[in-house]
1. Whether any residue in segment 65-75 is under 20 Å from Ile177 (Cβ atoms) and loosely packed, with under 15 Cβ neighbours inside 10 Å is what I want to check.
2. Just one of Ile9, Ile56 is at pLDDT below 95 and of a type in the set (Val, Ile, Thr); which is it?
3. Please return the ranges of helices (runs of 4 or more DSSP H) entirely within segment 183-283 where 2 or more residues are more than 22 Å from the chain's Cα centre (by Cα), farther than 20 Å from Glu130 by Cα and of a type outside the set (Asp, Glu).
4. Which pairs turn up if I take residues in segment 28-41 that are surrounded by 15 or more Cβ atoms within 10 Å (Cβ to Cβ) and look for partners that are of a type in the set (Phe, Trp, Tyr) with beta carbon separation below 8 Å, at least 6 apart in sequence or on another chain?
5. Identify the residue in segment 47-64 that is out of contact with any Pro (no Cβ under 7 Å at 6 or more places or on another chain) and among the aliphatic types (A, V, I, L, M) and, among all such residues, is surrounded by the most Cβ atoms within 10 Å (Cβ to Cβ).
6. Which condition number does Val155 fail, the rest of (1) closer than 24 Å to Arg31 by Cα; (2) assigned to a loop (DSSP other than H, G, I, E, B); (3) touching a residue at least 60 places away in the same chain (Cβ under 8 Å); (4) in contact with a Lys or Arg (Cβ under 8 Å, 6 or more places away or on another chain) being met?
7. Does Asn121 satisfy the criteria of being farther than 16 Å from Asn44 by Cα, at pLDDT below 95 and out of contact with any Pro (no Cβ under 9 Å at 6 or more places or on another chain)?
8. Could you look through segment 118-158, keep only residues that are within 15 Å of the chain's Cα centre (by Cα) and small (Gly, Ala, Ser), and pick out the one that is surrounded by the most Cβ atoms within 10 Å (Cβ to Cβ)?
Amino acid sequence: MSDDGKEKIISVCPVCPHHCRLAEGALGRCRARANRNGNVVSVNYGKVTSIALDPIEKKPLAFFLPGSKVLSVGSFGCNLSCPFCQNHDIAQAGEKDIPEVYTVTPEKILSIALDEVASGNIGVAYTYNEALVGYEFVRDTAKLVHENGLKNVLVTNGCCELPVLEKILPYIDAMNIDLKGFRPEIYEKLGGDLETVKNFIRRSTEESLIEITSLIVPGLNDSPEDMEEEAKWIASIDPDIPLHITRYFPRFRYREPATDIRLMHELRSIAEKHLNRVLLGNI
């Protein structure tokens, strides 16, 4: 019961394995979903913090329409708490923490995307923050984008429940999925769940072109043994899935030195024993 004697309405968010239990008005740990009148809804729907026309390779996608550009759209919020977050100013923030947030409709994003076709744009990428904490906007925009002959790209940490994935998967042409480590305790440190991500990857490969990124962070996931197990597992799905092994640099709250170049090459050699397409990033 609340202080005024009224019964508190607790709603459970279905989007990710945290399943935040939210009282009326409360925000989830992602800062992008809240309990409104007993329903957990997206509070970042149509709230854009970043928009840019990027090379497709920046997502990174190396094998999906190479040489093209994609309109990249980001909002705020994330369901993980990575201390080395590359986009912490929006991903590790709520709406009140960001100086400029623009409200747009799916139709407006489509209009911008169509206007950029002459500049080489192939569609829309949902990126920068964790797009699936506001999956409703991804779903509505991606459907419109497809109906108008353009492509959809999702950049995600994959820490999302399968029923939510099913709502957007029919509209997503390509994904880059972060695989942040291959031991459960790594995900526990970051506030996620390895098995959820593995299930997400398995299901996504059935409908969409998938590339995987592993940022190699010193002292967290830089073990050659871990890379061996990760590459074996990816190969068990499809040895042609591209793996981007990406070099970490100090960012946000993490001050370890940048990943050793020699280690990066060693990890690539390990992965190449099992996978046909392994790429180094940030070298």
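The values are calculated or read from the model by the stated rules, or taken from the named source; none is laboratory data. Since the model is a prediction, treat every value here as computed from it, not as a measurement. For neighbour counting, all protein chains shown are included, and Cβ atoms are generated from backbone atoms with ideal geometry for every residue, glycine included.
1. Yes, segment 65-75 has at least one match.
2. Ile9
3. In segment 183-283, 224-237, 261-271 are the helices (runs of 4 or more DSSP H) which contain 2 or more residues that are more than 22 Å from the chain's Cα centre (by Cα), farther than 20 Å from Glu130 by Cα and of a type outside the set (Asp, Glu).
4. Cβ pairs passing all conditions: Arg31/Phe76; Ala32/Phe76.
5. Out of the qualifying residues, it is Leu61.
6. Here Val155 clears every test but (2).
7. Spelling it out, it is not the case that Asn121 is farther than 16 Å from Asn44 by Cα, at pLDDT below 95 and out of contact with any Pro (no Cβ under 9 Å at 6 or more places or on another chain).
8. Only one residue tops the list, namely Ala125.
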